[in-house]
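The values are calculated or read from the model by the stated rules, or taken from the named source; none is laboratory data. A quick note: this is a predicted structure, and the numbers were derived from the prediction, not measured. Using ideal geometry, Cβ is built from the backbone for each residue, glycine included, and neighbour counts are taken over all protein chains shown.
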Amino acid sequence: MAMPATVSSSSGITSFAFSRSANSSEPKVSQIGSLRLLDRVHVTPMSLNQSGKRSSVKPLNAEPKTKDSVIPLAATVVAEIAEEVEEVVEKIEDFEQLAKNLENASPLEIMDNALEKFGNDIAIAFSGAEDVALIEYAHLTGRPYRVFSLDTGRLNPETYRFFDAVEKHYGIRIEYMFPDSVEVQGLVRSKGLFSFYEDGHQECCRVRKVRPLRRALKGLRAWITGQRKDQSPGTRSEIPVVEVDPVFEGLDGGEGSLVKWNPVANVEGNDVWSFLRTMDVPVNTLHAAGYVSIGCEPCTRAVLPGQHEREGRWWW
């Protein structure tokens, strides 16, 4: 009998393994995950005698304590968990196969496939950089599409003006996500405006970017990113064009509840820029000043010729 699944990751794809009790083929019934099975067994309160001690006399309607009432419950819970895991595994396998089928497809074909499958439950994640190409591809499909962006409160003025230009060019409204004001206030009051220069950017990014992103994705079943394999050979070299998101959760919650599409995963940066120039797409003016990867103003700088684009981020 299958026990709850454990999750691991290999090449960005989530895999599952089942565990059994070392001494028995039956599952342990005392606890499964956070669910204590015995908590759900009906127990009749014992009466108190006049001395305040518990009476040894059982109520007339008391049922004998046996394992018979626990085992069926355990079997039911385990069966439900196994069924859920099986559904997730099947979904992962389906999208692994789809990724293989679309490996040589154009970004436009991949975008059209994504929008067709998920409709209003999918959105483009727009950072205010060359990933405006995603919006152009979505526009070319002729299908309705949504765009969201994370306003960290620390973006360059040029990026805000770029957002406005994109909205006017495509006739859309970008869905902006903002960090929790109480969390930002607590971070700044306790550590100052530029704490990330001293203790790393992880905490600031978690407050201003990661948590707002999680909130945005919890309202979706799929999202579209501008991640490319050539952006970071160490961390993005194996990005598939589509996958079950191994990190974030979607609308339905839990593992496998969010699908991640990467239409330009196999496209090189130079080809993205050729496409933008050919289509006369508006671009962030920071690019002309030597900025390649664009994020928050304090954490982004221009790169020198020959430097990798990610060297303009978090360089200290």
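A few remarks follow.
- Scan of segment 127-175 for residues that are aromatic (Phe, Trp, Tyr) and touching a residue at least 60 places away in the same chain (Cβ under 8 Å), ordered by number: Tyr137, Phe148, Phe162
Let's see how each residue does on (1) at pLDDT 90 or above; (2) assigned by TED's automatic domain parsing to the domain that holds His139; (3) out of contact with any Gly (no Cβ under 9 Å at 6 or more places or on another chain):
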{"position": "Asp68", "(1), (2), (3)": "no, no, yes"}
{"position": "Pro72", "(1), (2), (3)": "no, no, yes"}
{"position": "Val78", "(1), (2), (3)": "no, no, yes"}
{"position": "Glu83", "(1), (2), (3)": "no, no, yes"}
{"position": "Val89", "(1), (2), (3)": "no, no, no"}
{"position": "Ala114", "(1), (2), (3)": "yes, yes, yes"}
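- Note on segment 270-293: residues that are under 16 Å from Tyr137 (Cβ atoms) and part of a helix (DSSP H, G or I) total 8.
- Of all residues in segment 181-233, those satisfying the criterion of being at pLDDT 95 or above, surrounded by 15 or more Cβ atoms within 10 Å (Cβ to Cβ) and of a type in the set (Gly, Ala, Ser) are Ala216, Ala222, Gly226.
- The single condition among (1) surrounded by fewer than 20 Cβ atoms within 10 Å (Cβ to Cβ); (2) under 19 Å from Leu134 (Cα atoms); (3) at pLDDT 95 or above that Asn270 does not satisfy is (3).
- Boolean, Glu175 is charged (D, E, K, R) and under 18 Å from Leu108 (Cβ atoms): no
- Residue within segment 190-206 that is among the aliphatic types (A, V, I, L, M), out of contact with any Phe, Trp or Tyr (no Cβ under 9 Å at 6 or more places or on another chain), part of a helix (DSSP H, G or I) and in the same structural domain as Ser293 (by TED's automatic domain parsing) present: no
Yes/no matrix, rows are residues, columns are (1) in a helix (DSSP H, G or I); (2) touching a Cys at 6+ places or on another chain (Cβ under 7 Å); (3) under 21 Å from Ala288 (Cβ atoms):
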{"residue": "Phe148", "(1), (2), (3)": "no, no, no"}
{"residue": "Thr152", "(1), (2), (3)": "no, yes, no"}
{"residue": "Glu158", "(1), (2), (3)": "yes, no, yes"}
{"residue": "Lys168", "(1), (2), (3)": "yes, no, yes"}
{"residue": "Glu183", "(1), (2), (3)": "yes, no, no"}
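- Which listed residue, of Thr225, Thr285, Thr278, is in contact with a strand residue (DSSP E or B) (Cβ under 7 Å, 6 or more places away or on another chain) and in the same structural domain as Leu155 (by TED's automatic domain parsing): Thr225
- Among the residues here, Leu220 qualifies as within 15 Å of the chain's Cα centre (by Cα), touching a residue at least 60 places away in the same chain (Cβ under 8 Å) and part of a loop (DSSP other than H, G, I, E, B).
- Evaluated against (1) among the hydrophobic types (A, V, I, L, M, F, W, C); (2) crowded, with 16+ Cβ neighbours inside 10 Å; (3) modelled with pLDDT of 95 or more, Phe95 falls short on exactly one condition, (3).
Here is a yes/no grid of residues against (1) over 24 Å from Glu183 (Cβ atoms); (2) under 22 Å from the mean Cα position of the chain (by Cα); (3) at pLDDT below 95; (4) surrounded by fewer than 21 Cβ atoms within 10 Å (Cβ to Cβ):
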position: Leu108; (1), (2), (3), (4): yes, no, no, yes
position: Phe126; (1), (2), (3), (4): no, yes, no, no
position: Leu140; (1), (2), (3), (4): yes, no, no, yes
position: Asp151; (1), (2), (3), (4): no, yes, no, yes
position: Glu158; (1), (2), (3), (4): yes, no, no, yes
position: Asp164; (1), (2), (3), (4): yes, no, no, yes
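- Exactly one residue out of Ala82, Ala114 is in a helix (DSSP H, G or I) and under 13 Å from Lys260 (Cα atoms), and it is Ala114.
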